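Please read the structure below before turning to the comments.
All of the numbers you see were taken from the coordinates with simple rules; none came from a lab. Predicted model, so just to flag it, every value in this text is computed and none were measured. We place every Cβ from the backbone using ideal geometry, glycine too, and count neighbours over all the protein chains shown.
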């Protein structure tokens, strides 16, 4: 690598000069390469401990002039080949030119200019991103790739100096954090330690203290715990490790791979040793925190923030805090947590102007909105730049359409004091949004003819309650008045000042008329709704009439959604719920629909119109309750883990008891998934939802802790889980809302938990107050930190469950042990994940579908399979191995989608490792047949009937066939048993069924009919048992390819000479058998007398055919028998083979061109190892001509052309039975195919190659699972 010329003062220190000329020196670093002694060890240690980049370039080139003591480094290299290339270029292109100069300064200036020109030319074709990375960082990245064998696509994020604790000894070295790996390297006095761990394998990250060091980072995998300490900035390192591990978890969870953000603005000041990726991750972390704090849409990106003060008119103060500016919002957060929060959408901004500075208000800025509110900021640093950025964003903000420009809050329309509400008479009908007029047909309800989408269902189905006129109604009016006063003082809508006063009002309960408005406001759903006009209507239109798994589940649960509420006892509410859930399923197919979404959505529809309920559901599923409603409810499991952790912290005595009973995991899922709506009376649970939309998951956790705390004494006395569940169920059933003006709705759960004693009622507002008093010190930042920790644990637990499920599903059909299958699964999954982030495209990631069963989620393509096949196959075939891998892949890919799952993969592996001689030969035989042959290509261990279908068929068939009893082998599967019974009965009753066919058609509902059709269905689903007679014959071209493969397989075997001799003998015999078979197939049919005459004239045919047939029958009958029968076969067959060879030789007997002239073993080996192979095409198997002296081409002696391999006999063919019978004659071949190979050792070697596990150098063993 060319370097910008840097001055070097001591050229000889720690370096050895290897080449020199009058102008340049080529040097090697001491300690690099062979030798070096003690000096080399010391230099290597110093390089690792003190200088991160010194060992990056073990070679360098210096420029010098004769009279100068100053040297200039112009190039460096990680290998001798690289540095030699630069050296030769300098000698060929610069030496002659430099000799012309008289002045040494001119020489140095020329060299510098030339090197800078070369660097500039090389950088032209590089991506702009790489130019942003500083030079020293590039060197560190180069070292990382060389040291750990990483490809160029693996990007280094940052590197840190630290110590790795190996036992009680710290190893000082360098920690490299890449996008997908954690790597560590240390070299101390000859002791070398290398660690490589994938982020997807990390199960826990902790920052804790040890006895020796106050702080260290603990990295846990499934098998090991690693400790790193002595960081310069441990907090920065730990935060980056958390981010990278989180990205890996997202990849496992929803297949989101890391994509670098190319749109990041360049830093205003150059950053030293900070990569563009590190800046990207820092920006992502800030964006996530910014969006979570202010509940902004997921695509909002923070542009910058600055310290300032905000004038708050409600208390006449300047509150210190920070202003945040992004693409579409200006936000403010006070330093005191609850003092003030403010969100100003740029779509509402009308004027941004700089006010006059004064000593009281330096650098003030005023922002005015359409709602005639003005906000004053002061003490702004770099105000001019800030105003320019805001102006730029304002210009990009799209102008709103007139039809929806001023769609304001529509509750409490009679209040003229709110400036944001259009002036409409109290009797005015509610405005119907043009974006949500979905059901324009009038519906007769008590409130009149109102479209479903225009307002909340509660207003349509509110019964005339006397509560509205009593004390409860008065209380409700007081609440509304309190909120109106709050709106007057603090503003209304998105630009409202949010303070501690706002929280107090929420805790006291939101009035029903304002509930929908404030839910939209506090959740941030309002922002997404007004910026996506017509989106919901389009989704509804697109999803109408579409059916999939999600819509089926929705239809099933529609009538289970608050069935006790009158709004969902008729088609009006059901239709609205159907549209919202279906629209969201089409918006987010990865979630689709999950149980509990129907309960939450039905409550949203009571207070909001359809469009608003839809956007609230979006806010819930995608931002406020992330990953709650996916197929594995990961988010709920994560928060359940947080709840258990908080219980241990706040209620330690109860935590142990609850852990023993196993109650927390049972109760928390229903509490969290439905926000208490399914376990608490509706009037009380809706108050919980009020506080949740304002506080987030923090409030749900603190209320849950308050519930456990209130029942602590009773729970401590529980004996089992059922008793504890009953206590908590009764408690929640009796949480009442005495202020509710809605008529009480029967709570179905209460009927199950009511006892004899009158229940003690708990006021919901008292419960909320208690939760704030005892547990309000929970912080949102702490919860997010705990979420990360629990997410690692939950996702890795789910991955372990998936592995066990997959292994259990395939173990019954495969010859591998459970341990071997688990190791194979790890390798298979790792190969898939490699393709996601090291592949040239993202097709691998795109093909993973989380909705599929575990067995189908990870699938690999042909190239990935080839890599695994080459490293794991027991049959190493040299350069021919990729060809075999491609053929085996096509054989395994039954559905022809160019992908195979884990079961198909291990089926292929098992055929090579655990099959008997016949099975292994059958695999090899199939691999050399043309792809077009219809083989029903599946190994005998593979079944077409999936377990669910098998179970269904078994249950149904056994139900209708209880009277059938047949004794069968215990090794036959249950479904085979049913089919066996069916086949026996079919044979017995075949004639009777044919006779009574018309009569049976009339009795279409008899049990016998059901039984018959079930058996027919099961028979169709069951893959046919393949026998060796079902295999098609092999042509001469394919047979030659098979022999080539066998020759390559025997290379480097301890008894390879015996194997070569055996295969040569077998091949010659089979070639002659094929020749004889060709004569029979080509001979025209004649009368029996002519046949006898011809057979007499042709002794070769007369003797060959019975012998071959005898061999076939012998092979077929003897193979399943015991080993002593095989031994007998081996003893008998050589004598028979000798006789056959003699007969064949006599029959061919013409001249020197006989194909049976065998080469020596060494000649054969050399010839076959030099053979080249071509890939299998989709049409036929292409094969190169065989060399002149190859023994494999069998033909008539008179055909000298065929003797030299110039033609392939197209009429020649051989069957698998003949190959098997011939193989059995050679003990060496039988022993080779029957010997056991340990796949675990091959897996271990493959992991080292792929860097899936950590390993150390030869100096000391340090194996860490990856």
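For the peptides 806-812, 94-100, 1043-1049, residues were scored by their other Cβ atoms within 10 Å and the scores averaged per peptide; the highest-first order is 1043-1049, 806-812, 94-100. Relative to the current alpha-carbon distance between residue 760 and residue 376, full extension at 0.36 nm per residue lengthens the span by 133.1 nm. At a Förster distance of 56 Å, what's the computed FRET efficiency of residue 110 paired with residue 208, Cβ-Cβ distance as r, to 0.05? Once rounded, the FRET efficiency stands at 0.45.
Going by Cα centres, region 883-915 and region 567-594 are how many Å apart? When both Cα centres are located, 42 Å separates them.
Computed from the C-beta positions of residue 595 and residue 481, the FRET efficiency with R₀ = 35 Å rounds to 0.30. Among 825, 607, 59, the order by Cβ neighbours within 10 angstrom, fewest to most, reads 825, 59, 607. Note on residue 168 and residue 233: the model spin-label points, each 7 Å out from Cα along the C-beta direction, lie 3.5 nm apart. Computed extension gain for residue 777 through residue 863, at 0.36 nm per residue and net of the alpha carbon distance, reaches 25.5 nm. Measuring r between the beta carbons of residue 660 and residue 102 and using R0 = 60 Å, the FRET efficiency lands at 0.05.
Given their separation in residues at 0.36 nm each and the Cα-Cα distance between them, residue 153 and residue 395 gain 83.3 nm when the chain is fully extended.
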